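J.: Just dropping this structure here.
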Amino acid sequence: MANKILAFIEQRSGQIKKSSFEAAKLASSLAEKLNGIAEAITIGNEIQDLPKIGNYGIQKVTHYINKELENYSASAYRNITAKHFTENNFDILIFANTALGKDLAPRVAVKTEAGIAMDCVEFNYNNQEIVVTRPVYAGKSLIDIKITSDKKIFTLRPNVFAAGTPSNNNAEVIQINVDNPNLADRVIELKKAEGKLDVAEADIIVSGGRGLKAPENFKMVEDLAAVLGAATGASRAVVDAGWRPHSEQVGQTGKTVSPSLYIALGISGAIQHLAGMRSSKYIVAINKDKDAPIFQVADYGIVGDVFDVVPALIEELKKVKG
Amino acid sequence: MKIAVCVSHVPDTATKIVIGPDGKSIDPNGVTYVINPYDEFAIEEALKVKEKLGGETVVITLGGEASKETIRKSLAMGIDNAVLLKDENFRDSFSVASALAAEIKNQNAELVFMGKQSVDYDNSIVGQMTAEILGYNCVSVVVDLKIEGNKIIAEREIEGGKEVIETTLPAVITAQKGLNEPRYASLKGIMAAKKKNIEEKQPVAANNKLEILAMKKPAPKQPGKIIGTDASAVPELVRLLKEEAKVI
């Protein structure tokens, strides 16, 4: 029976990622369910607020520290994580399904001979055995799977598992200095898309499609996103047309997202797009065509012209948000 | 330099998914299969590297007889040789990676391209696993690539930006949309591809570490409310988002 659970806490520029709190919380509730214990591991240089991991039920965090580990290095992070996972006899390792989690988790899995289930959206228990659910075909379908190996690694889709209300318990932080990180690969530059929230992490997404008619009209999408503190997204059609960068594309060959609110402006809702956003908690669609498939998944719809409705929506939200 | 490209044969993204009689996989009847969209970027990059640095390209596919269609497409785009690791059964990512790694080793390829994920199981991990098994470096989700001698500079997409990564050969690179514009196969390429030999092999065995218990459809969404047809519906929409959905 599995009973030692490890949560991987991800940092970027010394800040803990929100989805790592979700991983911490899931690890501690798994420990409760399976009558085990949960700990956390993190890698980096100086990391802010590490004891706060304790707010999500974790008692002990091991921090592997070295200036050279400030940025992600697949080789170094893999070596450290795999060693910690194995030598401390953990049975389960939980990552967030982020760019880093997706890159690192499978490497640790190979190194530690663990089975791995990616992008989980549900955990169930069958006689102490974990059965997870994950989307396939970009969410057009789901599969229930179990890992058959002794060691198990799971990655969690961000925004799906609630981190819950933080408690006031601080975790004990154990620092381990890494003498020689031995980087076979290193980040030599971090190019930030300035001031932009990424669709994969955003709690609210405002997306535009061909109904916006021209690239300059995406100003309207950006304005609405700014009022809401949201990320901007785009349909494949406008990305292929070169109006928006691929990093904004939502859908089967873009990003699969699960925000609490998804606002689709002038998007008709091709099957590939719906697959990528249908698991959003609330969906708002504004589109001229009343038969557009987007209305089949929308919670609230306005069958109307985006050029009429969106400016009014921006004004109304400014009023409400003060 | 020997360059390998791993491609997979997947249902077209426009396909509606119908669960098959086993309750664990899709019903393939009526499904159009295509080359995995991200693998087209992998093929293009392999061809570009070969054009610049010389060498030989080989496409490797793990799959059933039908995958030959996808292999032919790769050959038509300009890949030199092809290997089909023939296996009709379900394999998890680790088992797929083990088979690919064994063949890559056999081919002595020191640069390997594949799509960042296949659009069926969406795991996004076969590249990294293959690299780990081979002991190669790996950069995943790559949108820009430069190779000079033994050195690789690759940009990978992360949340809210890009990481520029420096590493060395041998390496596995997984391709993201944006890396390049895949070429169309020329008529000459298509004709030549028909004559090329696809070497069929038995893939190495590896045990799956995952078991699929069931496949199911996501719960259908309840039909929503159409609030109005113009800007006059906006106050009601904002009220609903605030009071009913509580998301703003």
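J.: Would you pick out the residues in region A:197-214 that are under 20 Å from A:ASN97 (Cα atoms) and either open to solvent by 20 Å² or more (accessible area, probe 1.4 Å) or in a strand (DSSP E or B) (or both)? Outline the logic, then answer.
T.: Of all residues in region A:197-214, those under 20 Å from A:ASN97 (Cα atoms) come to A:197-205.
Answer for region A:197-214, where residues must be under 20 Å from A:ASN97 (Cα atoms) and either open to solvent by 20 Å² or more (accessible area, probe 1.4 Å) or in a strand (DSSP E or B) (or both): A:LEU197, A:ALA200, A:GLU201, A:ASP203, A:ILE204, A:ILE205.
J.: Go through region B:81-92 and report how many residues are in contact (Cβ under 8 Å) with a residue 60 or more places away in the chain and either assigned to a loop (DSSP other than H, G, I, E, B) or open to solvent by 10 Å² or more (accessible area, probe 1.4 Å) (or both).
T.: Step one: filter region B:81-92 for residues in contact (Cβ under 8 Å) with a residue 60 or more places away in the chain, giving B:81-87, B:90-92.
Imposing the further condition that a residue be either assigned to a loop (DSSP other than H, G, I, E, B) or open to solvent by 10 Å² or more (accessible area, probe 1.4 Å) (or both) reduces the set to B:81, B:86-87, B:90-92.
Going through region B:81-92 one residue at a time, the tally reaches 6.
J.: I want to confirm something. Restricting to region B:138-157 and keeping residues that are of a type outside the set (A, V, I, L, M) and closer than 21 Å to B:GLU44 by Cβ, which single residue is most open to solvent (accessible area, probe 1.4 Å)? Can you show your working first?
T.: Filtering region B:138-157 down to residues of a type outside the set (A, V, I, L, M) leaves B:138, B:140, B:144, B:146, B:148-151, B:155-157.
Now restrict to residues that are closer than 21 Å to B:GLU44 by Cβ: B:138, B:140, B:144, B:146, B:148, B:155-157.
Numbers: B:CYS138: 8, B:SER140: 3, B:ASP144: 53, B:LYS146: 106, B:GLU148: 125, B:GLU155: 25, B:ARG156: 5, B:GLU157: 22 Å².
Per the criteria, the residue is B:GLU148.
J.: Go through region A:294-322 and give me each residue that's facing chain B (nearest Cβ under 7 Å) and touching a residue at least 60 places away in the same chain (Cβ under 8 Å).
T.: Hits for region A:294-322 are A:LEU313, A:LEU317.
J.: Scanning region A:181-196 for residues that are open to solvent by 80 Å² or more (accessible area, probe 1.4 Å) and in contact with a helix residue (DSSP H, G or I) (Cβ under 9 Å, 6 or more places away or on another chain), which turns out farthest from the other protein chains (Cβ to nearest Cβ)? Before the answer, list the steps.
T.: Filtering region A:181-196 down to residues open to solvent by 80 Å² or more (accessible area, probe 1.4 Å) leaves A:182, A:186, A:188-189, A:192, A:194-196.
From what's left, in contact with a helix residue (DSSP H, G or I) (Cβ under 9 Å, 6 or more places away or on another chain): A:182, A:186, A:196.
Values: A:ASN182: 13, A:ARG186: 6, A:LYS196: 6 Å.
Result: A:ASN182.
J.: Step by step: first the residues of region A:140-173, then only those that are among the hydroxyl-bearing types (Ser, Thr, Tyr) and without any contact (Cβ under 8 Å) to a residue 24 or more places away in the chain, then the one that is farthest from the other protein chains (Cβ to nearest Cβ). Which residue is that? Spell out the reasoning first.
T.: Residues of region A:140-173 that are among the hydroxyl-bearing types (Ser, Thr, Tyr), as a first pass: A:141, A:148-149, A:155, A:165, A:167.
From what's left, without any contact (Cβ under 8 Å) to a residue 24 or more places away in the chain: A:141, A:165.
Working: A:SER141: 5, A:THR165: 16 Å.
In this case the residue turns out to be A:THR165.
J.: Filtering region B:195-248 down to residues that are in a strand (DSSP E or B), under 28 Å from B:GLU69 (Cα atoms) and of a type in the set (Val, Ile, Thr), which residue is nearest to the other protein chains (Cβ to nearest Cβ)?
T.: B:ILE212
J.: Filter region A:58-103 for residues that are facing another protein chain (nearest Cβ under 8 Å) and touching a Phe, Trp or Tyr at 6+ places or on another chain (Cβ under 7 Å) and give the result.
T.: Correct list: A:LEU100 only.
J.: Here's another thing I want to ask about it. From the list A:LYS290, A:LYS281, which one is in contact with a strand residue (DSSP E or B) (Cβ under 6 Å, 6 or more places away or on another chain), within 11 Å of chain B (Cβ to nearest Cβ) and open to solvent by 50 Å² or more (accessible area, probe 1.4 Å)? Steps first, answer last, please.
T.: Values: A:LYS281 fails: in contact with a strand residue (DSSP E or B) (Cβ under 6 Å, 6 or more places away or on another chain).
The conditions single out A:LYS290.
J.: While we're looking at this one, here's another question. Taking the options B:PRO37, B:PRO28, name whichever one is at pLDDT below 95 and of a type outside the set (A, V, I, L, M).
T.: Numbers: B:PRO37 fails: at pLDDT below 95.
Matching residue, one of B:PRO37, B:PRO28: B:PRO28.
J.: Identify, please: which residue in region B:153-186 is in a strand (DSSP E or B) and basic (Lys, Arg) and is, among those, farthest from the other protein chains (Cβ to nearest Cβ)? Don't jump to the end; show me each part of the working.
T.: To start, the set of residues in region B:153-186 that are in a strand (DSSP E or B) comprises B:153-158, B:161-168, B:171-175.
This time we only want the ones that are basic (Lys, Arg), so: B:156, B:162.
Values: B:ARG156: 7, B:LYS162: 4 Å.
Out of the qualifying residues, it is B:ARG156.
J.: In region A:53-71, how many residues are under 22 Å from A:ASN88 (Cβ atoms), of a type outside the set (S, T, N, Q) and either open to solvent by 10 Å² or more (accessible area, probe 1.4 Å) or in a helix (DSSP H, G or I) (or both)?
T.: Of all residues in region A:53-71, those under 22 Å from A:ASN88 (Cβ atoms) come to A:53-54, A:56-66, A:69.
Remaining after also requiring of a type outside the set (S, T, N, Q): A:53-54, A:56-58, A:60-61, A:63-65, A:69.
Imposing the further condition that a residue be either open to solvent by 10 Å² or more (accessible area, probe 1.4 Å) or in a helix (DSSP H, G or I) (or both) reduces the set to A:53-54, A:56-57, A:60, A:64-65, A:69.
Of the residues in region A:53-71, 8 are under 22 Å from A:ASN88 (Cβ atoms), of a type outside the set (S, T, N, Q) and either open to solvent by 10 Å² or more (accessible area, probe 1.4 Å) or in a helix (DSSP H, G or I) (or both).
The values are calculated or read from the model by the stated rules, or taken from the named source; none is laboratory data. For clarity, every value in this text was computed on a predicted model and none was experimentally measured. Methodologically, a virtual Cβ is constructed for each residue, glycine included, from the backbone with ideal geometry; neighbour enumeration extends over all protein chains shown. Surface accessibility is based on the protein's heavy atoms, side chains included, excluding ligands, DNA and RNA. Shrake-Rupley method; radii C 1.70, N 1.55, O 1.52, S 1.80 Å.
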